[in-house]
Amino acid sequence: MPTEYLEFVRNKQLEADAVGFEADPSRFGKLYDFQQDILTWALERGRAAIFADCGLGKTPIQLKWAEQVTMHTGQPILIVAPLAVANQTHREAAKFNVSPARVCASQDDVGEGVNITNYEKLHHFERSAFGGIVLDESSILKSYDGKTKQRIVSFAEPIDYRLACTATPAPNDYTELLTHAEYLDIMSRKEVLATFFVQDGNTTTSWRLKGHAEEEFWEWVASWCVALRGPQDLGYPAGKFDLPKLNIQSRTVDSGWKRDDMLFGGVAETLDDQRAARDASLDQRVEETASLINDSDEPWIVWCGLNKESEAVTRAIPDAVEISGSDSEQHKRDAMLGFQRGDIRVIVTKPSIAGHGMNWQHCSKQVFMGMSHSYEQFYQAVRRSWRFGQEDDVTVHLITAEANRRVIENVRSKEKNARKMMDEIVQRMMESGQALNKRATKDEMEYERDRFEGDNYELHLGDCVEVTKEMEDDSIGLSVFSPPFPGMYVYSNSKRDMGNVQDLDQMIDHFKFLAEPLREKTMPGRSCVVHLTQVLAKKKYDGYVGLKDFRGRVIEMMEDAGWTLYGEVTIDKDPQVKAVRTKDTGLQFKSLAKDAARMHQAMADYLLQFRAPGDNPEPIEAGVSEKYDNEDGWITNEEWIRWARPVWFADDLTPEGFEGISETNTLNAHPAREEDDERHLAPLQLGVLERCIKLWSNPGDVVYDPFMGIGSTPYMALRLNRQAAGAELKRSYFNLAKKHVGRALQDRNNLFAGAVAPAA
């Protein structure tokens with residue numbers, strides 16, 4: 001195997017072993033025993049996450065971590081925190097004798113030691129200047145769009161020492177942990193999904209843990225994070241870390257809201273109805289909130305979700321101070337710190353503005369007069385007061401319209417899921433012995449080679465680039481395959497996996513190593529048929545919504561490798577199926593009523609036919625011929641009239657008299673699939689394969705699929721009396737492909753015996 005390819009594979013990803021160092025605990029100062037042990041572990045790991053509940057000392061731990069790293073590296077350290085928390089962290093630095101420490105607005109302010117800024121100012125700093133970085137309240141990453149979130153992760157890439165601290169790493173969804181793994185360079189999000197998760201239902205946006213991988217997943221998480229709700233979770237005495245009582249009181253008001261088709265008021269089920277009911281109850285909720293606070297002389301926090309809510313309730317409470325998103329950073333910071341000092345009695349704001357990081361234990365009374373569906377925002381906001389160090393019981397009032405009770409029900413349901421997840425992390429961490437482990441590796445899939453062969457088939461477990469180079473020159477009669485679509489699917493966490501890439505550019509760079517040997521092994525004048533679709537750009541990951549020209553990039557790359565683009569087929573797709581599967585708002589009817597500028601057509605699939613240079617030495621007699629039996633797959637004139645069209649329609653969208661492509665006719669739905677078999681994420685339709693093989697190969701030709709997956713192409717090739725060849729990197733798919741080859745041979749024998757083969 002050429003050194004160039006192996007070097008490319010090696011450089012695709014970096015390993016994530018511990019990069020830290022041993023520190024002297026005598027330099028840690030006044031920390032509790034459990035805090036000292038967490039700090040020691042985090043320094044030895046070098047890249048770590050601390051998922052510790054509010055008030056357990058994440059701030060002094062991260063300050064001491066930063067102090068030790070700057071002493072070790074001789075470089076300044078950057079702590080990134082939410083707005084106003086930076087100033088709070090600076091005061092804590094003085095309390096714990098961490099010096100020098102300063103709050104910075106840009107790189108010009110950076111000096112030796114510990115430097116503290118807020119997330120909104122990160123773009124004013126040079127990442128190469130720092131020896132370490134800390135993300136304080138790191139779960140705040142979920143609040144940013146994809147472009148900003150990726151900018152934060154990218155900022156940390158060249159920095160050796162990294163720490164993430166939060167109380168809510170993933171309040172509702174296990175996959176939210178993956179942002180932390182990506183920031184720490186443990187694994188990319190796509191690698192983790194491929195290793196531990198499967199699609200949940202017929203959608204590309206919902207994932208669930210594989211049943212057999214659950215224990216390994218939690219052990220892996222526990223290897224790079226420490227999670228605790230109290231010192232006792234790590235085997236230490238609770239000491240003073242006991243929370244006061246939390247009283248949550250629901251107060252409902254009657255807004256008189258009802259839908260147009262209702263005689264009486266009811267429960268708002270849709271988001272539009274919930275917004276309408278919320279608007280209709282504004283005056284009643286303001287009155288209820290003001291009556292609670294104006295009759296009291298204690299400090300209060302009022303949490304709102306909309307500007308009109310915060311403006312109205314501030315007017316109703318004479319000594320309230322509002323913090324809104326449009327306020328200057330100076331006003332926001334002064335108001336939050338003024339409330340902390342006791343200079344302000346009542347503060348009115350949103351959880352998205354002040355819900356992270358602030359220590360407001362002096363206040364034991366809160367009101368939510370505008371509830372959203374976000375459990376994390378609710379939890380973080382409550383924990384500004386309900387935290388270790390709070391001396392009084394905490395009372396939280398939830399004031400909502402009766403019609404909006406579904407919102408509270410949803411938040412309570414998410415609370416149960418969040419508690420279960422934290423229980424899982426802590427329990428698995430202790431059971432696995434991974435607590436405060438110093439090493440977390442990527443556990444990359446082991447590279448294996450294997451072969452399964454018979455008289456007319458040869459399946460390989462291995463890297464398709466290596467397998468293709470080992471084939472005989474001019475041996476492939478037809479190759480037909482669907483390469484991994486960058487950004488959509490990753491099938492394994494192997495560096496050899498062509499789908500396991502950072503972006504479209506890297507995928508094309510990897511694909512180049514296959515295109516040239518594939519041309520050399522293909523008979524002159526014969527075809528390579530590539531099935532693909534355009535790639536969506538998603539705001540969450542790319543910072544914008546649109547399309548990436550995967551099709552154009554593949555054409556350019558194949559032509560550079562010596563192939564000729566010879567033909568193209570568009571495969572029609574059902575937009576309703578696409579909308580359900582991808583959750584693409586540009587296809588959903590509700591978007592049509594809101595803003596049709598967001599609408600776009602469903603993305604079609606494409607077959608790109610490339611021809612190898614030279615003249616075909618063995619003409620393909622695909623038409624009706626006495627030379628071959630019907631079972632060998634010759635094509636009638638009527639079929640060619642349909643197949644020659646530039647569009648192949650889906651089954652239920654075909655013009656009258658036309659046979660379509662069934663989107664569900666795949667090996668995923670094959671009767672031979674056992675319950676424990678792993679479904680392929682995006683199997684190629686058998687109808688597409690049948691047409692390609694009949695059109696562009698002779699009986700007896702080798703039909704090759706370098707991305708064989710569960711064996712769809714070999715299955716159909718054998719059914720049509722061709723020789724089958726394939727390569728697959730993933731062992732579970734390879735094993736399933738072997739089963740499907742056996743099924744194809746059985747079906748083929750049944751056809752020759754005059755039996756009717758079961759439908760695929």
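Hey, Ser139 hits all of (1) at pLDDT 90 or above; (2) buried (at least 18 other Cβ atoms within 10 Å of the Cβ) but one; which does it fall short on?
All conditions are met except number (1).
Let me confirm something: among Asp497, Asp503, which residue is closer than 27 Å to Thr570 by Cβ, in the same structural domain as Ile620 (by TED's automatic domain parsing) and either buried (at least 20 other Cβ atoms within 10 Å of the Cβ) or in contact (Cβ under 8 Å) with a residue 12 or more places away in the chain (or both)?
Values: Asp497 fails: closer than 27 Å to Thr570 by Cβ.
Of Asp497, Asp503, the one residue that is closer than 27 Å to Thr570 by Cβ, in the same structural domain as Ile620 (by TED's automatic domain parsing) and either buried (at least 20 other Cβ atoms within 10 Å of the Cβ) or in contact (Cβ under 8 Å) with a residue 12 or more places away in the chain (or both) is Asp503.
Assess whether His373 counts as being closer than 14 Å to Gly305 by Cβ, under 34 Å from the mean Cα position of the chain (by Cα) and assigned to a loop (DSSP other than H, G, I, E, B). So that I can check it myself, show each step before the final result.
Working: closer than 14 Å to Gly305 by Cβ: yes; under 34 Å from the mean Cα position of the chain (by Cα): yes; assigned to a loop (DSSP other than H, G, I, E, B): yes.
So His373 fits the description; yes.
Taking segment 266-313 on its own, how many of its residues are of a type in the set (S, T, N, Q), free of Cβ contacts under 8 Å to residues at least 12 places away in the same chain and not in a loop (DSSP other than H, G, I, E, B)?
Final tally of qualifying residues: 1.
From the list Ala381, Ala440, Ala401, Ala418, exactly one residue is over 25 Å from the mean Cα position of the chain (by Cα) and at pLDDT below 90. Which is it?
Only one candidate qualifies: Ala401.
Those residues that are modelled with pLDDT under 95 and assigned to a loop (DSSP other than H, G, I, E, B), I need them from segment 542-563; list them, please.
Gly543, Tyr544, Val545, Asp549
What is the residue count in segment 696-712 for residues that are modelled with pLDDT of 95 or more and not in a loop (DSSP other than H, G, I, E, B)?
Number of matching residues: 5.
Report whether or not Asp509 is surrounded by fewer than 22 Cβ atoms within 10 Å (Cβ to Cβ), without any contact (Cβ under 8 Å) to a residue 12 or more places away in the chain and part of a helix (DSSP H, G or I).
No, not satisfied.
Quick check on segment 99-135: of everything there that is of a type in the set (D, E, K, R) and touching a strand residue (DSSP E or B) at 6+ places or on another chain (Cβ under 9 Å), which residue is surrounded by the most Cβ atoms within 10 Å (Cβ to Cβ)?
Result: Arg102.
Failed condition for Val703, given (1) farther than 30 Å from Thr195 by Cβ; (2) surrounded by fewer than 21 Cβ atoms within 10 Å (Cβ to Cβ), with all others met?
In the conditions (1) farther than 30 Å from Thr195 by Cβ; (2) surrounded by fewer than 21 Cβ atoms within 10 Å (Cβ to Cβ), Val703 misses (2) alone.
With the structure loaded, tell me whether Ala101 is among the hydrophobic types (A, V, I, L, M, F, W, C) and over 33 Å from the mean Cα position of the chain (by Cα) or whether it fails that test.
When the stated conditions are applied, Ala101 passes them.
Whether any residue in segment 412-426 is under 28 Å from Glu287 (Cβ atoms), buried (at least 17 other Cβ atoms within 10 Å of the Cβ) and assigned by TED's automatic domain parsing to the domain that holds Arg251 is what I want to check.
No, because not a single residue in segment 412-426 is under 28 Å from Glu287 (Cβ atoms), buried (at least 17 other Cβ atoms within 10 Å of the Cβ) and assigned by TED's automatic domain parsing to the domain that holds Arg251.
Within segment 622-632, is even one residue modelled with pLDDT of 70 or more, more than 45 Å from the chain's Cα centre (by Cα) and surrounded by fewer than 18 Cβ atoms within 10 Å (Cβ to Cβ)?
Scanning segment 622-632, I find at least one residue that is modelled with pLDDT of 70 or more, more than 45 Å from the chain's Cα centre (by Cα) and surrounded by fewer than 18 Cβ atoms within 10 Å (Cβ to Cβ), so the answer is yes.
So, Thr522, is that one in the same structural domain as Trp696 (by TED's automatic domain parsing) and either of a type in the set (Asp, Glu) or surrounded by fewer than 19 Cβ atoms within 10 Å (Cβ to Cβ) (or both) or not?
The answer is no for Thr522.
Which of (1) in a helix (DSSP H, G or I); (2) at pLDDT 90 or above is the odd one out, the single condition Gln746 does not satisfy?
Status for Gln746: all satisfied but (2).
The values are calculated or read from the model by the stated rules, or taken from the named source; none is laboratory data. Given the structure is predicted, the values throughout are model-derived calculations rather than measurements. Glycine also receives a Cβ, built like all others from the backbone with ideal geometry; neighbour counts cover every protein chain displayed.
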